[in-house]
Structure formats: C-alpha cells, structure tokens
Amino acid sequence: MFNVMKKSLLCAALFLAMFCVASPKPAQAIVPAKAPDASMKGAKYVGQETCVGCHEEQGRQFKLSPHGRLDTKGADENTPQACETCHGAGSIHAENGGGKGNAIINPKKDPTICFSCHMEKKMEFKLPNHHPVLEGKMSCSDCHELHGPEATPTGTSLESQVDMCTKCHKDQAGPFVFEHDALKEGCVACHKVHGSINDKMLAARDANLCMRCHTALNFPNLGAGGSHTSNLQRGTCYSAGCHTDLHGSNYEPALRY
C-alpha cells in the first residue's frame with residue numbers, strides 16, 4: 001500500500017512539473033476597446049457620394065480595394081455601405097464640416113470595427129506572443145493599407161512585405177553579404193505576424209521551424225558540418241551557438257556569426 005501511494009504522489013508531482021514548464025507565459029494586459037463616440041448618437045447613413053465630396057483621394061483608392069467590394073446592392077438606408085461600413089453613420093460628421101475625430105469612427109484609433117469581420121485575427125492577438133494591437137500601441141493600419149488596392153502589406157510582392165516589417169524591425173533589414181534565402185519568401189515564412197504561441201512569434205518551435213525548409217535524405221547529416229544529432233539536443237538551430245544570425249550575416253555564409 002505504501003509503495004502504491006508513493007508512486008501516485010510521484011506521478012502527481014511529475015504531472016504538476018510538466019504543466020508548469022509547458023504553460024505559456026501570460027499575455028500582456030489588454031486594454032478594453034473604446035465605445036463609439038457619443039457624438040455619433042442619432043447619426044444616419046448618408047452614402048459614399050457624400051463622403052467622397054471631401055475625401056476624393058480615398059474615394060478613388062477605395063473603388064479598387066477589397067473593402068470596396070463589400071457594397072451591398074439593394075440594401076435599405078439603414079444598412080451601412082462602403083465608407084460607412086467601417087467609419088459608421090456619417091450624417092453628423094458631414095453636417096459638422098468633417099474633421100478628424102468629429103463624430104466618426106477612426107479604425108486607426110480603435111481596431112474594434114476591424115474585428116467585427118476579422119474575428120480570427122483578434123484571437124491571434126490574444127496569443128502569448130503578439131503585436132500589441134489590443135494594448136493600443138499599434139493599429140491595423142500600421143501594416144495594412146485599408147483604402148488601397150491591396151489591403152495586405154505585400155500585395156503580390158514579397159519584397160514589399162519585408163519592407164513593411166523592416167520599417168520597425170530595422171536590425172533585420174540588412175543589406176547582408178550573406179542573406180538568408182527565407183527572406184525571399186517574406187517574413188511570414190518563419191513568423192506568424194499577428195500572434196503565436198511561440199517566442200518571437202515564430203511559426204514553429206525549436207528546430208522544427210528550420211526543418212520545414214532544411215530537410216535532407218541523410219538527416220541528421222546536414223551540409224558540411226556532419227551529424228547534427230548532438231547539436232540539436234542543445235537547443236534550437238539559432239540558440240545552440242551555431243546559426244545565430246538568422247536574418248543574414250556579413251561574415252559567414254552559414255549565418256553562424
């Protein structure tokens with residue numbers, strides 16, 4: 001009986017230790033989204049024609065944008081259309097002569113309206129490692145051109161995606177003498193840019209991230225370095241004292257310095 005109790009206690013202790021180690025670090029405190037401006041109370045929808053009377057450039061861009069395709073044909077006057085889908089009913093804003101923050105919703109200040117459609121992105125921003133959009137330190141428009149023909153920062157160009165990221169992440173911008181070819185596929189080749197359960201918003205954990213591209217028939221005998229079996233046991237490819245300059249190196253083609 002004593003041995004059974006001893007084994008049970010040991011199993012319970014091991015389970016608790018595994019839970020503590022595996023539990024992700026808590027997410028940062030999230031600031032609740034602001035409620036719509038009280039000055040909009042009673043506002044009515046006026047249609048895109050009224051908006052473009054002042055916002056001509058945005059109106060031209062919007063016709064070519066993915067958001068511009070949200071126009072609901074045959075809807076009544078109580079249904080938001082075009083600009084007012086995201087900015088809210090604009091009658092009071094127009095009557096007051098317009099102006100920033102004047103009885104209008106500004107998605108750049110509060111992403112709540114974005115999450116009314118992009119619900120999965122809100123969930124990603126709640127993962128342990130994420131860009132601080134819910135904390136109010138960033139907005140969706142910092143990376144996305146909301147009125148333009150390509151709402152995504154990349155469009156069809158992977159180079160433009162890297163340019164978008166390196167506006168803030170300047171240390172990873174290069175140029176480098178020896179580049180990491182993964183950058184030719186854009187930052188999303190390795191990173192989940194809205195949020196991830198992994199550190200540094202990586203798409204996979206440990207060496208699994210690198211093995212998605214760096215596979216070989218004779219694994220673990222990769223490249224000229226011979227067997228990687230013992231190296232992989234020390235940690236990730238980039239934290240085991242080996243390939244520490246993942247974005248590029250000016251000294252070594254294997255990105256080890």
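What follows draws every value from the coordinates through simple rules; no lab data is involved. A quick note: this is a predicted structure, and the numbers were derived from the prediction, not measured. Neighbour counts run over all protein chains shown; Cβ positions are idealised from the backbone, glycine included.
Please turn the phi angles of segment 198-206 into ³J(HN,Hα) values with the Karplus equation 6.51 cos²θ - 1.76 cosθ + 1.60 (θ = phi - 60°), one per residue in order, whole Hz, x for glycine and proline.
For segment 198-206, the Karplus-derived couplings read 9, 4, 6, 6, 6, 6, 8, 9, 6 Hz, x marking Gly and Pro.
Sort ILE105, ILE197 so the one with the fewest other Cβ atoms within 10 Å of its own Cβ comes first.
ILE197, ILE105
Are any of the pairs LYS63/LYS137; LYS108/LYS200; LYS109/LYS167; LYS122/LYS167; LYS109/LYS170 more than 28 Å apart by Cα-Cα distance, and if so, which?
Values: LYS63/LYS137 30 Å; LYS108/LYS200 25 Å; LYS109/LYS167 20 Å; LYS122/LYS167 23 Å; LYS109/LYS170 25 Å.
Table pairs above 28 Å Cα-Cα are LYS63/LYS137.
Compute the FRET efficiency between LYS137 and GLU252 as 1/(1 + (r/R0)^6), taking r as their Cβ-Cβ distance and R0 = 35 Å, and round to the nearest 0.05.
Efficiency computed from Cβ-Cβ geometry: 0.50.
Any chance you could run the full-extension gain for LYS108 through ARG234? It's 0.36 nm times the residue separation minus the Cα-Cα distance, nm to one decimal.
Working it through step by step, the gained length comes to 41.0 nm.
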